[in-house]
Amino acid sequence: MKHAVWILLVIMLAATAQAAEIHLKESETGTKIKNQLISINTETGDIIKQINEDGTLELEITKGQTIELTVDNQETQGKDYYRKIKYSGEQEIILFPVGTIRGIIKDSLDNIVGFADLKFACKPLPKINHPSNADKFGTFTTVAPVGKCKVYASYGNAIGFKEIQIEQGELKDIEIQLDKTITTIPTKKYAGIGFILLIAIAALGIILYLKTKKTTKPKQEPKKTNRSEDITKTLSKKEKEIVQYLELNKGKALQAQIRHNTGIPRTTLARIIQSLEDKNILKVRKEGKAVKIKLTDWFLGKE
């Protein structure tokens, strides 16, 4: 019995949160976020702390715990940075710039509508769990990524929406009026006609295919190759990862974005970028604190 109790105590002690020093940085430039109030929401509750002057935050947390971080600069009306992650022991967390949306829902007669359904179409990063309904007073509040955002509201068959531009730290007050109607087009009466047309189109397609197959011989097209494909085959795994990330982002990105999305450590990333620059695959340009990376025209076969 005593042995079992000791084992239980060891497990409980191992599960207790340990103090972690986390560096907080801005997603676009990698700049440290300092001297700001930060709201920390965890599974055990909410706390508010001050980020240190060196951009660090001491936090009692265990690996695998979900944390929601919201930075609030007292000089702005809205929230300023946000991120929700499952903590896995990282010493650096990237926060994304946000603003705040505060809205109210009204019908076409200007009456307030409580519990209306909500839908948000904003930038995908950071991932935010927006409210799915207004409260009983017809209002809602949420943080939102910087950039264009469209907010939809509906109640019954009435619907409305508002498209807005969010700036960092801004508090945007909006009013959504349910002045449009959701119309459902009946499909049963047209189902039979649609089925017949579908069969006719399929039959015509088969006839044309068989006719074309008899009159034409298949041509074997030469295998397409280009300079970028040939060069990529010679790169290491991490070099390929960086090149492929740039190709997916129109051939350019900030070094901080590459590090955040690939997970490659800072020093390793710097060494790989230097190697790719020496091979004339990347072009590196510094603008203030930001480091801009792009694929060269030579690598892309433009020269």
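The values are calculated or read from the model by the stated rules, or taken from the named source; none is laboratory data. If you're wondering where the values come from, they're calculated on a predicted model, not measured in any experiment. We place every Cβ from the backbone using ideal geometry, glycine too, and count neighbours over all the protein chains shown.
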Out of the residues in the stretch 137-182 meeting the condition of being over 21 Å from GLU28 (Cβ atoms) and of a type in the set (Lys, Arg), tell me which one is nearest to the chain's Cα centre (by Cα). LYS150
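Out of curiosity, is LYS302 free of Cβ contacts under 8 Å to residues at least 12 places away in the same chain and closer than 23 Å to LEU24 by Cβ? Can you show your working first?
Values: free of Cβ contacts under 8 Å to residues at least 12 places away in the same chain: yes; closer than 23 Å to LEU24 by Cβ: no.
No.
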Pull up the stretch 249-271, narrow it to residues that are closer than 13 Å to GLU239 by Cα and among the β-branched types (Val, Ile, Thr), then point me to the one that is surrounded by the most Cβ atoms within 10 Å (Cβ to Cβ). ILE258
Hey, any hits in the stretch 23-36 for a residue that's out of contact with any strand residue (DSSP E or B) (no Cβ under 7 Å at 6 or more places or on another chain), surrounded by 15 or more Cβ atoms within 10 Å (Cβ to Cβ) and closer than 26 Å to ALA144 by Cβ? yes
Restricting to the stretch 160-195, and then to whatever is touching a strand residue (DSSP E or B) at 6+ places or on another chain (Cβ under 6 Å) and either more than 30 Å from PRO97 (Cβ to Cβ) or basic (Lys, Arg) (or both), can you tell me which residue is modelled with the lowest pLDDT? ILE182
For the stretch 40-118, which strands (runs of 3 or more DSSP E) that fit wholly inside it have 3 or more residues that are surrounded by 13 or more Cβ atoms within 10 Å (Cβ to Cβ) and in contact with an Asp or Glu (Cβ under 9 Å, 6 or more places away or on another chain)? 56-61, 66-72, 81-86, 92-107
Limited to the stretch 64-115, what total is found for residues that are more than 22 Å from the chain's Cα centre (by Cα) and in the same structural domain as THR31 (by TED's automatic domain parsing)? 5
